[in-house]
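Values quoted throughout were computed directly from the atomic coordinates according to the rules given, and no laboratory measurement underlies them. Not measured: the values here are computed from a predicted model. Methodologically, a virtual Cβ is constructed for each residue, glycine included, from the backbone with ideal geometry; neighbour enumeration extends over all protein chains shown.
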Amino acid sequence: MSADTGGLRAHVVVPARGVDVRLAIDPDECVALVGPNGAGKSTVVEALAGLLRMRAGSVVLGGRDLTAVPTHRRRVGLVAQRPDLFAHRTVAGNVAFGPRATGASGREARHRSAAALAAVGASGLADRSPTTLSGGQAQRVAVARALATAPALLLLDEPTTALDVDARAEVRDALRTARAGRPTLLVTHDPLEAVALADRIVVLQDGRVVEQGATDAVLRRPCTPFSASFSGLVLVPGTATATGIAPDGGGELASATHAVPPGRRVVAAVHPTAARISGAGAGLARVVTGVEPRDGLVRVRAGDLVADVTVARAAALGVAPGVPVRITVDPDEVAVYDPEDA
Amino acid sequence: MPTQDDTAYHRAADHRAAHHRTPVPWWLPVPAVVGGLFVVVPVLAMVGRVDWTSFVALVTSPASTTALGLSLGTAAAATGVAFVLGYPLAVLFARSTSRWVGVLRALVLLPLVLPPVVGGLALLAAFGRLGVLGALLDEHGLRIAFTTTAVVMAQVFVSMPFLVSSIEGSLRTGGDRAERIAATLGAGPTRTFLTVTTPRVLPGITAGLVLCGARALGEFGATLTFAGSLQGVTRTLPLEVYLQREVDPDTAVALALVLVVVALVVIGTTTLRTRPVVA
């Protein structure tokens, strides 16, 4: 597919961490690698960078077999959670480090340093010491530092996780510049970041790829509990009906976008804020199984369904484990599909 | 030992500014003050016994200046050798994941807890004329024991562990993230070592060099055992002080004061180096 045109083809095998992952990234593609903690995301990044010895498998980048090539000859750029700028160099010196290390002259290195800093909008920081930078500024410089080496593969390992919201947006712009024109692997916990940067999402669980697809498709029609929670959705398993889904927990939910023939095994993706709870009346009859606070709302778990309601509403209904409730969902908010097809 | 982490300094400074105080037990200052006095009083007492009228004459006598020169020269050489050998050792200790490294480290750091006389004996066993390596070198006309080289070797033996443990501590606190990043930027191991690791652990190196130099300067037991006490060849200042104590206490005290001053200068330069960071 891409091995000979500049893309990445890798089979990462690290038995000690239970990781066995096949990954292909096209030359101009950004793939978001998502998954629960401990799924092996960082292991894949380290293996691709050559920072972790692989027992088996292979890493082929642009037709070049890198499997036995040491990190410093791989031309693989890495931006991790922490910027880790060299504290004893200026910002410009940090960015010029890569070009210098790969044989560029001092002039050439300064030139490339300036160009990379300009690309991330950090030209004004050139003469600063890394210790005087804000988190967002430092991370942008780290992006520029990786860019200055013109990496053949860019690895972004949770590049904005340690930043506050404003800094995230600032760094994301820099990352959008950085990913252009090269295969990029983005490890992230942030669906916004995946939407902003990634063409495709690969879901990792227990060291294996359990789901992959176009970013939009995975976010809208997730197939695994993890990818569902990644986009804030809850998956309700059931059987397709003429108008929607008959959840395994009983009752029926209508879906506006419904297209699956009745009788098939399907899931319904529902956002918990779209579910409404009442004490009696229409809706699916469920018994509350759990109540927990959630971003200023109250998340009510009732068997296979989940609803986020305001604190006032929860108090009025007196929701607590064991209380019977009725749950309704607007058909526009119910996506019914066959997870095997997605 | 000075801390290497700049942010740690700032944090400490912040705490002071905010008058954060962790209460100490009311009785704690009593042993603390006794402990402080225990160190300070003897030194002051010795200073009090210095005969100032003849001080200059005593410390500038040929025997004294020769011993001082020899001490400074050998200590400097020993510190240099300890750095060249000890820095790589510290890096291996800090980076290796083998469990045998623990054993090796314990052995290499042994001189920290070993009586220096024992170190001297060990050096004699290896490099003495009848020693394992000494006999071999002797065949090629090289004699080490009881030469100035032996003085330097004795000093390296006892002082290098200070350097190794200081640098290793510094390497460990920083982790190796900077080194990993440098590798992804295309820097080979040698370039990374020289241009990333070394600047990063510079405070640890400085602290290690100072400790090592101070220890080398004060070396007595191993030197006496392995190098003897030949004036101008192996009799360093501490040996001279010990010798003069028997025949001329005034000279001994005067020379001892010189050692105290040198030690204070060494400690002073390192603390002055780190003070401004706190302020």
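Odds and ends about this structure:
- DSSP bridge pairs, the protein assembly as shown: antiparallel proportion in percent, nearest 5: 75
- Percent of beta bridges antiparallel (DSSP, chain A, rounded to nearest 5): 75
- Fewest-first ranking of A:201, B:181, using other Cβ atoms within 10 Å as the exposure measure: A:201, B:181
- If you take the alpha carbon atoms of chain A and fit the smallest convex hull around them, that volume is 153 Å³ per residue.
- Estimated translational diffusion coefficient (Stokes-Einstein, Kirkwood radius over Cα pairs, 37 °C, 0.692 mPa s) of the protein assembly as shown: 109 µm² per second.
- Taking every C-alpha pair closer than 8 Å and separated by at least 6 residues, the mean separation divided by the residue count of chain A gives a relative contact order of 16 percent.
- Other-chain or far-sequence residues with amide H under 5 Å of residue A:204's (modelled H): A:34, A:35, A:210
- Each Lys or Arg adds one and each Asp or Glu subtracts one; over the other residues with Cβ under 14 Å from the Cβ of residue A:331, this totals -3.
- The Cα atoms of region A:233-337 define a convex hull whose projected area, averaged across directions, is 5.8 nm².
- Other-chain or far-sequence residues with amide H under 5 Å of residue A:291's (modelled H): A:301
- Summarising the amide proton neighbourhood of residue B:235: residues at separation of 5 or more, or on other chains, whose placed amide H is nearer than 5 Å comprise B:230.
- In region A:281-342, the trypsin sites (Lys or Arg not before Pro) that fall in loop regions by DSSP, at most 16 other Cβ within 10 Å: none
- When the Cα positions of B:60, B:197, B:217 are compared along the charge dipole of region B:53-278, B:197 comes out farthest toward the positive end, with charges on each C-beta of Lys, Arg, Asp and Glu.
- Chain B - percent relative contact order, Cα under 8 Å, separation 6 or more: 30
- Region B:49-125: trypsin sites (Lys or Arg not before Pro) falling in loop per DSSP and having at most 15 other Cβ within 10 Å: B:49, B:99
- Prolate/oblate/rounded label for region B:53-278 (Cα gyration tensor, a/c 1.5): oblate
- Taken one residue at a time, the phi angles of region B:28-44 give Karplus couplings (6.51, -1.76, 1.60, θ = phi - 60°) of 4, x, 4, x, 5, 5, 4, x, x, 4, 4, 7, 6, 4, x, 5, 5 Hz. Gly and Pro are set to x.
- Exposed loop sites here are GluC sites (Glu not before Pro) assigned a DSSP state other than H, G, I, E or B and surrounded by at most 16 other beta carbons within 10 Å; excluding them, the longest clear run of chain A is A:1-251.
- Cβ-defined net charge surrounding residue B:167, 13 Å radius [Lys, Arg +1; Asp, Glu -1]: +3
- The protein assembly as shown, helix-only ellipticity at 222 nm - DSSP H runs n ≥ 4, -39,500 (n - 2.57), divided by all residues, nearest 500: -15000 deg cm²/dmol
- Measuring between their Cα centroids, region A:66-123 and region A:13-59 lie 23 Å from each other.
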